[in-house]
Amino acid sequence: MGNFINPFTDFGFKKLFGTEENKECLLHFINQLLEQEGEDKITSITYDNKEQLGRKVSDRYAVFDIYCITEKGEHIIIELQNAKQKNVTDRSLYYTTFPIQSQGVKGSWDYSINKIYSITILNFTLDYLKLPEDEYLHTIQLYKRENKMLFYDKLMFIYLEMPKFKKREDELTNDFEKWMYFIKNLERLEKIPKKYRDTIFEKMFAAAEIAKLDKMEYRRYIKSKKAINDYDNAINYAREE
């Protein structure tokens, strides 16, 4: 086991990005990602209830990895998908229906809603969509088919295919690429790389140190990591069979 936690575990991801003490780091990651898409900078976020219930007891519900709202009332869903699955895009679309419905107002209402960002970090590639091998960042919005004009700007889906990001430390040119490298390689790193020193990333490396976890956190981390190992072993055995 290395010096830093695996961010692709349920515990690791929420420890790094889903806590109040690291909210500043999450905001930095979101802004660096949105900057790639020409979106306005977000100045503050508030964590909201991750468990989204339907309107009736019989309705299905959703549990987000991270759910936050900006100072402008924009909704941000952040999901980490470690296990490969076919309907990940359908899942993203379904999840956005909850913040859409939550903005409905009883009585007189003009159906105006605030923007919703759905950010999905994938530890696998979307092979069934046949996306380009050299593109790891995908942004999806509603466009008019005839002339590619943006038809609706309040719903944005962003997918990050982490296996496709192949840059080395010495090739990183901006903070967004540093975030990609951090998430993909954290567990394998023995120490903080030079490019990450004296920056906001130092706080994340400190939070990721396994030696700093208390006993309860360490147990939860090991359990979370075991779940991934068990899944991988099951898949490998199925392939052999």
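Within the range 137-168, being surrounded by fewer than 16 Cβ atoms within 10 Å (Cβ to Cβ), under 26 Å from Leu80 (Cα atoms), out of contact with any Leu (no Cβ under 8 Å at 6 or more places or on another chain) and aliphatic (A, V, I, L, M) holds for one residue alone: Ile140. Among the conditions (1) more than 27 Å from Thr125 (Cα to Cα); (2) modelled with pLDDT of 95 or more; (3) touching a Leu at 6+ places or on another chain (Cβ under 9 Å), Cys68 misses just one, which is (1).
Considering only residues in the range 169-198 that are in contact (Cβ under 8 Å) with a residue 12 or more places away in the chain and either outside any helix (DSSP H, G or I) or among the β-branched types (Val, Ile, Thr) (or both), the one that is surrounded by the most Cβ atoms within 10 Å (Cβ to Cβ) turns out to be Ile183. Report yes if some residue within the range 25-46 is open to solvent by 40 Å² or more (accessible area, probe 1.4 Å), among the hydroxyl-bearing types (Ser, Thr, Tyr), out of contact with any Lys or Arg (no Cβ under 7 Å at 6 or more places or on another chain) and assigned to a loop (DSSP other than H, G, I, E, B); otherwise report no. Looking through the range 25-46, at least one residue is open to solvent by 40 Å² or more (accessible area, probe 1.4 Å), among the hydroxyl-bearing types (Ser, Thr, Tyr), out of contact with any Lys or Arg (no Cβ under 7 Å at 6 or more places or on another chain) and assigned to a loop (DSSP other than H, G, I, E, B).
Scan the range 12-24 for residues that are of a type in the set (S, T, N, Q) and surrounded by 18 or more Cβ atoms within 10 Å (Cβ to Cβ) and report the count. Residues meeting the conditions: 1. Residues in the range 199-213 that are over 21 Å from the mean Cα position of the chain (by Cα) and open to solvent by 60 Å² or more (accessible area, probe 1.4 Å) were compared, and the one that is nearest to Phe17 (Cα to Cα) is Lys212.
Scanning the range 86-141 for residues that are in a loop (DSSP other than H, G, I, E, B) and among the hydrophobic types (A, V, I, L, M, F, W, C) yields Val105, Trp109, Ile113, Phe124, Leu126, Leu131. Within the set Asn87, Asn114, the sole residue that is at pLDDT 90 or above and either loosely packed, with under 14 Cβ neighbours inside 10 Å or over 22 Å from Phe17 (Cα atoms) (or both) turns out to be Asn114.
The values are calculated or read from the model by the stated rules, or taken from the named source; none is laboratory data. Values in this document were obtained by computation on a predicted structure and should not be read as measured data. Note: ideal-geometry Cβ built from the backbone for every residue, glycine included; neighbour counts use all protein chains shown. Areas reflect the complete protein model, heavy atoms only, side chains present, ligands, DNA and RNA absent. Shrake-Rupley method; radii C 1.70, N 1.55, O 1.52, S 1.80 Å.
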